[in-house]
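S.K.: Structure below; questions to follow.
The values are calculated or read from the model by the stated rules, or taken from the named source; none is laboratory data. Just so we're clear, the structure is a prediction, and the values are computed from it rather than from any experiment. Methodologically, a virtual Cβ is constructed for each residue, glycine included, from the backbone with ideal geometry; neighbour enumeration extends over all protein chains shown.
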Amino acid sequence: MRGLSGRAGNAVYKLTKNGVELSDRPIVNNPDTPAQNVIRTAFSKVTKQWKTLTAAEAAAWNAYAANYHLSNPVSGAKRTLSGFNWFVALGTRYLTVNPASTAAPTTPPTADFSGDSITITPSVVAGGIRFTASGSNGSKTTTALLVQKLSNGNTKPSSAYRTKAHFTFVTGTLQTTVNLTPGWYAVGYQYVNTDTGQETEAVYLGKIGPVAFAVADGGKGTSKKAA
């Protein structure tokens, strides 16, 4: 949320009559994935929830917004979001990582969120990329695993990363595999506060690949299928 330049990761910022609003950046060639539907549903719930806040709750979000500014990573220009924008941004992420919840927190965060100090290493496996953490996530922290498909191994990554999955690393489960179609990818991660929806700046891990087809045993023979 600290960088604002039209879009950031999954997010698209656009100027409307309500100010700068956040929405999920659509993927034209695959617009109906489960992950995108979760974000769209969360976004819709939070925008509707804003209308139900009390005057005091809305004022608290506006006061929060007055103290936080977004910086364009290229120009350094500062921009200020409204309380509505912050409520929707944090609330959407909150509902995404708390799928059992029906409403976002009605009060803004009271402290900054710096995430964890663990490191995460990617490696190619059949049908996807495995993310291995050096330790467990802290309490109330989960990890957003970011992925961007590249046209080939020489392609320079853009800013269009997707949150492919959220995963909480714990002792005994310090690895998780993200299933992907064959090809080259740029990957990264960021930490998310499961209590507030706050997120850290992304850590980009560079390019990795090529991911190959997963091989599945099929009784009398062996067949190949995309993960």
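S.K.: Would you mind stating whether T107 is closer than 20 Å to E199 by Cα, of a type in the set (S, T, N, Q) and at pLDDT 95 or above? Walk me through how you get there before you give the answer.
M.R.: Working: closer than 20 Å to E199 by Cα: yes; of a type in the set (S, T, N, Q): yes; at pLDDT 95 or above: yes.
The answer is yes for T107.
S.K.: Which one of these is at pLDDT 95 or above, of a type in the set (A, V, I, L, M, F, W, C) and either closer than 30 Å to A56 by Cα or buried (at least 19 other Cβ atoms within 10 Å of the Cβ) (or both): I129, I118? Step through it out loud before you land on a result.
M.R.: Details: I118 fails: either closer than 30 Å to A56 by Cα or buried (at least 19 other Cβ atoms within 10 Å of the Cβ) (or both).
Step by step, each of I129, I118 is checked, and only I129 is at pLDDT 95 or above, of a type in the set (A, V, I, L, M, F, W, C) and either closer than 30 Å to A56 by Cα or buried (at least 19 other Cβ atoms within 10 Å of the Cβ) (or both).
S.K.: Whether any residue in the stretch 97-110 is among the β-branched types (V, I, T), crowded, with 21+ Cβ neighbours inside 10 Å and not in a strand (DSSP E or B) is what I want to check. Show your work before the answer.
M.R.: Within the stretch 97-110, the subset among the β-branched types (V, I, T) is 97, 102, 106-107, 110.
Narrowing further to those that are crowded, with 21+ Cβ neighbours inside 10 Å: 97.
Adding the requirement that they be not in a strand (DSSP E or B) leaves 97.
Yes; the residues of the stretch 97-110 include at least one that is among the β-branched types (V, I, T), crowded, with 21+ Cβ neighbours inside 10 Å and not in a strand (DSSP E or B).
S.K.: Cβ-Cβ below 7 Å, separation at least six or inter-chain, first residue in the stretch 126-143 and within 15 Å of V192 (Cβ to Cβ), second surrounded by fewer than 20 Cβ atoms within 10 Å (Cβ to Cβ) and small (G, A, S): which pairs?
M.R.: From residues that are within 15 Å of V192 (Cβ to Cβ), the pairs are T141/G115.
S.K.: In the list V38, V124, which residue meets the criterion of being part of a helix (DSSP H, G or I) and within 23 Å of T173 (Cβ to Cβ)?
M.R.: The match here is V38.
S.K.: From T173, T194, which residue is of a type outside the set (D, E, K, R), under 23 Å from A42 (Cβ atoms), surrounded by fewer than 21 Cβ atoms within 10 Å (Cβ to Cβ) and modelled with pLDDT of 95 or more?
M.R.: On the way: T173 fails: under 23 Å from A42 (Cβ atoms).
None of the other options fit; the residue is T194.
S.K.: Scan the stretch 144-161 residue by residue and report those that are in a loop (DSSP other than H, G, I, E, B), within 16 Å of the chain's Cα centre (by Cα) and touching a residue at least 24 places away in the same chain (Cβ under 8 Å). Give the steps one after another, and end with the answer.
M.R.: Within the stretch 144-161, the subset in a loop (DSSP other than H, G, I, E, B) is 151-161.
Narrowing further to those that are within 16 Å of the chain's Cα centre (by Cα): 158-161.
Selection gives S159, A160, Y161.
S.K.: For the condition surrounded by fewer than 16 Cβ atoms within 10 Å (Cβ to Cβ) and at pLDDT 95 or above, what is the one hit in A55, A60? I'd like the intermediate steps shown before the answer.
M.R.: Values: A60 fails: surrounded by fewer than 16 Cβ atoms within 10 Å (Cβ to Cβ).
Just a single option satisfies the conditions, and that option is A55.
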